[in-house]
Amino acid sequence: MTDRRTVQTLCRLCDDRCAVNVHLEKGRIVDIDGYAEHPWNRGRLCVKARAAMDMVYHPQRILKPLKRTASGWQEIGLEQALDEIAGQLDAIIDRQGAHAVGIWNEEDIGFGQQEVLACRFLQAIGSPNYFCNDSQRYKIRYSGYRLVEGAWSMPDYENARCIVIWGANPPYSHPNMTRPIMSARRRGARLIVVDPRFSTIARKADLHAQLKPGTDGALAWGIIHQLVTNQWYDRPFVKKYTLGFEALAAYAERFTPATVEEETSVPAPTVREIARAMAWAAPATAVYVGSGPERHENGINNVRAVACLDGLMASVDRQGGNRLVEPFECRNLTNNWEFPLRHMDLIAPDHSSVVCDLRRERRMMSAFDNILSGKPYPLRALLLTAANPALTIPNSEKVRRTLASLDLVVVRDLFLTETAELAHYVLPAATFLERTELHCHSMYQVVSIARRVLHFDGVQDDYSFWRDLAARLGCGNSFPWRDETEFTRWILEPTGLSLEDLEAHPEGIPYTPVRYEKWRERSFATPSGKIEFASRYLADLGYAELPEYSPPDYLGSPDPAYPFVLIIGGRKLLFDHSRFHNIPRFCTVAPQAEVEMNPEDAYSLGLADGDMVRVSSRIGSMDIPVKITGRNEILAGMLQINHGWKNANINLLTHDDNFDPQNGLPLWKTVQVRVEKA
Ligand SMILES: Nc1nc2c(c(=O)[nH]1)N[C@H]1C(S)=C(S)[C@@H](COP(=O)(O)OP(=O)(O)OC[C@H]3O[C@@H](n4cnc5c(=O)[nH]c(N)nc54)[C@H](O)[C@@H]3O)O[C@H]1N2
Ligand SMILES: Nc1nc2c(c(=O)[nH]1)N[C@H]1C(S)=C(S)[C@@H](COP(=O)(O)OP(=O)(O)OC[C@H]3O[C@@H](n4cnc5c(=O)[nH]c(N)nc54)[C@H](O)[C@@H]3O)O[C@H]1N2
Ligand code: SF4
Ligand SMILES: [Mo]
């Protein structure tokens, strides 16, 4: 009899979280395929799914703790590693206080569960210094929508008559979102894509607004102007449920189609056409904002201006519009509520940052300056888990310098990454197949459990790691649960659902029926209880009340020495940031990074496909082969490079000293560069 079994769980290779069947033989995974009953992916998987096996059993995977010594890495036992790390943390806390310890956690890998464990540990030792690059991303969109509508909303693609994908490319970044979009389109819904590139989703669109990056606010204002002047907005809704309409209408006046064309490159007739299509379908107009508009000097206001459209069209929380998601009422997993850090003295206090205020999170860019300068106080130890900032954070050279300056760097990862190479200790981490965590699919308001399928001796799940380290530092009482299972039961307690219920329902359990128009019964979760076109809260922080538009620097004060605009980080299907570049079958398909260039620009620079060029910004340069795109794929004067490549690290070129004051996010999506034949 063969020892075969199949376990249903969720794939966590990316944040789409598809339901999978994991087939095991004698305790080893032999295959992974799609689990058909889950409403989110209905059995479909992307090409990456089976790479989970390559990752888990990778010959270079770290399965034993590593310690840096004068003669290189030395393998040590887990207990010794934890003892030594705890000893060094103790000494740092004694000398410089608990503030001197920080955690850098990445959320794209896990879920709030990972985050709350890290925060709980920090709280237990008494430090507020929690960093996370992810916290700066969805949270910009989150913050933008929260400021206008009081909460994050989810497009109701399935019932929409017009869908706007604004700066996202779901076929690569969230494959399961593509299905409801395309089925709506087959039903007759119009698809509009706003993207400076002729992306995969743009190829499927009825209308593609190919704008200059970072000019999203101008386009949104142009649409607002059309809705207002043509009286295409929902007057009764606006009157009853919104705040600041008069000011909005007055400010919009300057955004005529001709002005918008000049600012964004989107032809004036297209601006009118987009507004007409959105208004015609309203309130069944669903808008999804991706990472494109948010990572610029004007990021939050770009997102807010787009969110205002929901208010004008009354499409907020409407069938076919943008539905306000109801949360799963489990024990709250974020630090905001459970651990009020407000009274603590953050290393990078940033009183005017909306993200800092709404999320109680540090602004990571200025934190590097604080660490390097030792002011306002020293931060000497950093524990990094599931993150590779040496490749993924702007100004990589400074990131490296900062990590190298610390007394203690501990990295928990699967591989000896560029960040791990800078550590004093590298600890083996459990993959998603070696731990348990809860996940909600907000489109269906379904909760599912990702289950532990494997175990490797000496490889700890996140709960065990923080519990054991806290115990050694004398704060074990913050982690009173025996193991991850008990901890998960505690999280579930207020929901009425048990772990067994979730395990018995791999298709997920609807936790609250999907409902629309909840604003009829309760006010919006903004300070005024209305949709806020104008925000008193922002005015009190010293910002404009309206989401006023200001051009990105490359337009407002261009540097003639760097005449090209490099667009960065359009997702590739096979890679997730710096991950999966070590999966051999992926490398044969996509062996190297390339810089995508319009044929006109290639012609004027005398370049052929595959030629090496040197791309330089004011802080760094790199040599990279050219890929000449189709004529309309990218605007002339623009280039695009994907991030996460070890040998072509684009974040050596991105700077950290220019950011949106409201969110502290550096310019992740664009940098001005020069291109020369190498
Ligand atoms: N395969 C894969 N999937 C992923 C990831 C991955 O690395 N690989 N990463 C995950 C993570 S962490 C994230 S945050 C999401 C991101 O998810 P998305 O936002 O959907 O992903 P991107 O490919 O970055 O899409 C951004 C699009 O915005 C465009 N863009 C660039 N600048 C601008 C601009 O100024 N305005 C507008 N309107 N558009 C602009 C780009 O050309 C690109 O097509 O993807 C997630 N999914
Ligand atoms: N210029 C530019 N830079 C960008 C972006 C961009 O668009 N432009 N995108 C940004 C965005 S949106 C994001 S979210 C960040 C992502 O930034 P990071 O999170 O730093 O990038 P990843 O490459 O996903 O790193 C994850 C690390 O976790 C490890 N890992 C995988 N699974 C596990 C696990 O289960 N447990 C543990 N402990 N480790 C694990 C992987 O081996 C990898 O080293 O990149 C950002 N960087
Ligand atoms: S889209 Fe692919 S990598 Fe992402 S969760 Fe689904 S199968 Fe896994
Ligand atoms: Mo992200």
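Here, each number is a calculation from the coordinates, and none is a lab measurement. Keep in mind the model is a prediction, meaning the values are calculated, not measured. A quick note on method: Cβ atoms are made from the backbone with ideal geometry, for glycine too, and the neighbour counts reach across all protein chains shown.
When all alpha-carbon pairs of the range 1-136 are counted, what percent fall beyond 19 Å? Every Cα pair in the range 1-136 considered, those over 19 Å come to 68 percent.
Here's the list of lysines a cross-link from LYS530 could span, going by alpha-carbon distance under 30 Å and ignoring same-chain residues fewer than 8 apart: LYS139, LYS239, LYS240, LYS518. Near GLU25: Cβ cut-off under 13 Å, other residues only, Lys/Arg at +1 and Asp/Glu at -1. The net charge is +2.
Evaluated with a Cβ-only charge set (Lys, Arg +1; Asp, Glu -1), the chain carries a dipole of roughly 1080 debye about its Cα centre, given to the nearest 20.
For the pair GLU75 and GLN231, the difference between a 0.36 nm per residue extended length and the Cα-Cα distance amounts to 49.2 nm.
Considering only the other residues whose Cβ falls under 12 Å of the Cβ of PHE487, what net charge follows from Lys and Arg at +1 and Asp and Glu at -1?
Summing Lys/Arg as +1 and Asp/Glu as -1 gives -1.
Sorting SER478, SER315, SER604 by the number of Cβ atoms found within 10 Å of their own Cβ, with the fewest placed first, yields SER604, SER478, SER315. Remark on LEU324: its backbone amide H falls under 5 Å from those of MET154, ASP317, a criterion applied only to residues 5 or more positions apart or on other chains, H modelled at 1.01 Å from N.
In the range 457-498, which chymotrypsin sites (Phe, Trp or Tyr not before Pro) fall in coil by DSSP and have 16 or fewer other Cβ atoms within 10 Å?
Here the chymotrypsin sites (Phe, Trp or Tyr not before Pro) that fit, given the DSSP loop and packing criteria, are TRP481.
With neighbour counts taken as other beta-carbon atoms within 10 Å, the residues ILE393, ILE274 rank, fewest first, as ILE274, ILE393. Would you mind classifying the range 135-238 by shape? Square roots of the alpha carbon gyration tensor eigenvalues, ordered a ≥ b ≥ c; an a/c under 1.5 is rounded, otherwise it is prolate if a/b is larger than b/c and oblate if not. Note, shape of the range 135-238 comes out rounded.
Give the distance, in whole Å, between the Cα centre of the range 218-293 and the Cα centre of the range 1-42. Value for the Cα centre distance between the two parts: 44 Å. When a/c is below 1.5 the answer is rounded, else prolate if a/b is larger than b/c, else oblate, so apply that to the range 490-622 with a ≥ b ≥ c taken from the square roots of the Cα gyration tensor eigenvalues. Note, shape of the range 490-622 comes out oblate. The value of relative contact order for the chain, using C-alpha pairs under 8 Å at least six residues apart, is 18 percent. Other residues whose C-beta falls under 10 angstrom from the C-beta of PHE533 contribute a net charge of -1, scoring Lys and Arg +1 and Asp and Glu -1.
Ordering of 196-207, 21-32, 140-151 by packing is 140-151, 196-207, 21-32, highest average first (other Cβ atoms within 10 Å, averaged per residue). Beta bridges from DSSP with both residues in the chain: antiparallel share about 55 percent, rounded to the nearest 5. Each part gets one Cα centre, and for the range 536-602 versus the range 48-99 those centres are 33 Å apart.
Between rounded, prolate and oblate, where does the range 435-541 land on the alpha carbon gyration tensor, with a ≥ b ≥ c its root eigenvalues, rounded for a/c under 1.5, else prolate if a/b exceeds b/c?
Judged from the Cα gyration tensor, the range 435-541 comes out oblate (a/c at least 1.5, b/c at or above a/b).
Checking the Cα-Cα distances for LYS212/LYS398; LYS67/LYS627; LYS48/LYS627 against a 32 Å cut-off, the pairs over it are LYS67/LYS627. Under a 5 Å amide H cut-off, with hydrogens placed 1.01 Å from N, LEU384 pairs with TRP104, VAL410, VAL411, ARG412 among residues at least 5 apart or on other chains. The spacing between the range 620-678 and the range 310-328, judged by their C-alpha centroids, is 35 Å. Computed over the chain, the P(r) curve from all C-alpha pair distances, binned at 10 Å from the origin, holds 3, 15, 25, 28, 20, 8, 1, 0 percent per bin. Residue separation of GLU25 and ALA590 scaled by 0.36 nm, minus their Cα-Cα distance, works out to 200.3 nm of gained length.
Between LEU538, PRO551, SER578, the Cα set farthest toward the positive side of the dipole of the range 504-599 (charges on each charged residue's Cβ, about the Cα centre) is that of SER578. Here the sum of -39500 (n - 2.57) over DSSP H runs of 4 or more residues, divided by the residues of the chain, equals -9000 deg cm²/dmol at 222 nm, to the nearest 500. Rounded to whole numbers, the Karplus 3J(HN,Hα) couplings from phi for the range 45-60 are 9, 8, 5, 6, 3, 5, 5, 4, 5, 4, 6, 5, 9, 4, x, 8 Hz, using 6.51 cos²θ - 1.76 cosθ + 1.60 with θ = phi - 60°, and x at Gly and Pro.
Spin-label model, ARG179 to SER478: label points 7 Å out along the Cα-to-beta-carbon direction sit 4.1 nm apart. Neighbour counts of C-beta atoms inside 10 Å place TYR603, TYR543 in the sequence TYR603, TYR543, starting with the fewest.
The slack between SER557 and LYS518, meaning 0.36 nm per residue of separation minus the straight C-alpha distance, is 9.6 nm.
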